[in-house]
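FYI, it's all coordinate maths here, none of it is from the lab. The structure displayed is predicted, hence computed values, not measured ones. So basically every Cβ, Gly included, is an ideal-geometry build from the backbone, and we count neighbours across all protein chains shown.
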Amino acid sequence: MLCRWLIFLTCLSASLSAAATECCGKGAQNKRARAPRATSPEQTLRDARLLAIQKVILKQLGYRRPPNVTRSQVSEAEKKKMLRLYEMSLEETSESRESVEHEELSTAKTFHSFPATDELPQEVSAEDWDNGLHKVRLYFQPDFPQIHHRHRHLRVANAKLKLYKSEIFPENLVKSTDGLVTLSFYQLLEPPRTGKTTLKRLIESRTTSVLQTGWEKIDVTATVQSWMTSPEKNYGIEVVCDHEPLNDVITFYGTNRDRDSEVRRPDETDDLDVLVPRLIVLTQEVRSPLRERRSSETEDCLVGDGETRCCRYPLYVNFTEIGWGDWIVAPEGFNAFYCDGSCPYRYKSANTHSLIKSTLHHLNPASPQPCCVAKRLSPLSVLNYDDSDTPQLVVTPLNDIVVDQCACT
Ligand SMILES: *[C@@H]1O[C@H](CO)[C@@H](O)[C@H](O)[C@H]1NC(C)=O
Ligand SMILES: *[C@@H]1O[C@H](CO)[C@@H](O)[C@H](O)[C@H]1NC(C)=O
């Protein structure tokens, strides 16, 4: 998927530079054709790149078009509070990512299974927790072993949330005509309060059918990792259904005690306990090596600086400038970067396979040359209005959106 977008972006840039005959290795050509006018090929290419990034962002969010925020009821005071919380959550994620990035040595994985509990997160009352027919909230109390060693600690290798759609009521659908609905899974970042917006981070949005019972399995690795780092900030997970009344349409087993008696169980199951919402977690003990900085890897280029070989170039996406300032509250913009340039023999090979490809091209020019593409990407968290009927503020991680490093592959 990611690969396809990268190729799309690379191809887009190549097809826009006039003389390109192939997808890759020709990027340097556009730098020679510089013109100082506003509609220079460079400007056109930059606009196309920005447009491609916008399309990718909307696709990741699952929005067909940017949300219309005129119907939002979030007050200015609330917006300010959210912005503060968002900035705090940014600091935390950057800390936990750094500590994960620099670890290599790890031990075998340990399996844990935690069922949803009837307990409530701290600072949350039953009224504040259960309000609203349109969402389901789940609370887990993952309990991990303590490691008393200065250079060892535990991390989450993988975590899945399993939910069983035990009953479905397609006749209650309001808008969907094909039986498909969009479920969004959020990590609550603060205690929910009735009648107030709660800051939450989007874990995943997905389409599901309400014509069939069955499992939903959601990757919640980042969420469980953050609970492991800060257990006191575990306020649970919220499931909402965009544009449909969730509880009228789907029952997840174990989340609605009134209905669970008449559940349609899957054939192979006679133990209903396995249908209870559950976190399946794999943990791993890691040794923390000494920190090292990788400064030499990020030597960026600027358009027109004479470098024609594969390099990373800055590309600032200003949300106000692209007309998204109203629904993306923070940040103001971000540097997405892009990769461009040629890949001469043995230059910046990403891995052994790329080196073989490069050598093969050297020996036999009819075989394809390596392409200059992103080798490592990182996510960007934004605070944005969602596309519900009364847009709410949510924190959304946009995955693989910032190019960290370019290489020939
Ligand atoms: C946004 O919603 C408002 C109120 O429903 C409507 O008047 C306006 O035309 C919409 N704007 C867009 C761009 O769809
Ligand atoms: C983004 O663009 C707006 C409008 O052109 C401008 O006022 C603002 O300063 C820009 N922000 C940044 C960080 O460049």
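Past 26 Å, Cα to Cα: identify those pairs from Lys55/Lys162; Lys196/Lys233; Lys81/Lys162; Lys55/Lys160; Lys160/Lys233; Lys109/Lys162, in the order given. The answer is Lys55/Lys162; Lys81/Lys162; Lys55/Lys160. For Lys175, the lysines whose Cα comes closer than 24 Å to its Cα, not counting residues fewer than 8 places off in the same chain, are Lys59, Lys135, Lys165.
What FRET efficiency comes out for the pair Thr229/Thr308, r = Cβ-Cβ distance, R0 = 35 Å, nearest 0.05? Could the numbers behind the result be given before it?
On the way: r = 44 Å, r/R0 = 1.26.
Working from the Cβ atoms, E equals 0.20.
The alpha-carbon atoms of segment 310-379, seen along their principal axes, cover 54, 18, 14 angstrom, with the largest extent given first. Length, then width, then depth: along the principal axes, the Cα atoms of segment 103-287 run 57, 42, 28 Å.
Sort 201-210, 237-246, 46-55, 356-365 by packing, meaning the average of other beta carbons within 10 Å per residue, with the highest value first.
On the way: 201-210: 17.5, 237-246: 19.5, 46-55: 15.8, 356-365: 14.1.
In descending order of packing, they fall as 237-246, 201-210, 46-55, 356-365.
Short-range pairs are left out: with C-alpha atoms under 8 Å and at least six residues apart, the relative contact order of segment 293-409 is 27 percent.
Please state, rounded to one decimal and in Å, the Kirkwood hydrodynamic radius that segment 304-349 gives when every pair of distinct Cα atoms enters the mean of 1/r. Please list the in-between numbers first.
Details: mean 1/r = 0.0786 Å⁻¹.
Final number for the Kirkwood radius of segment 304-349 is 12.7 Å.
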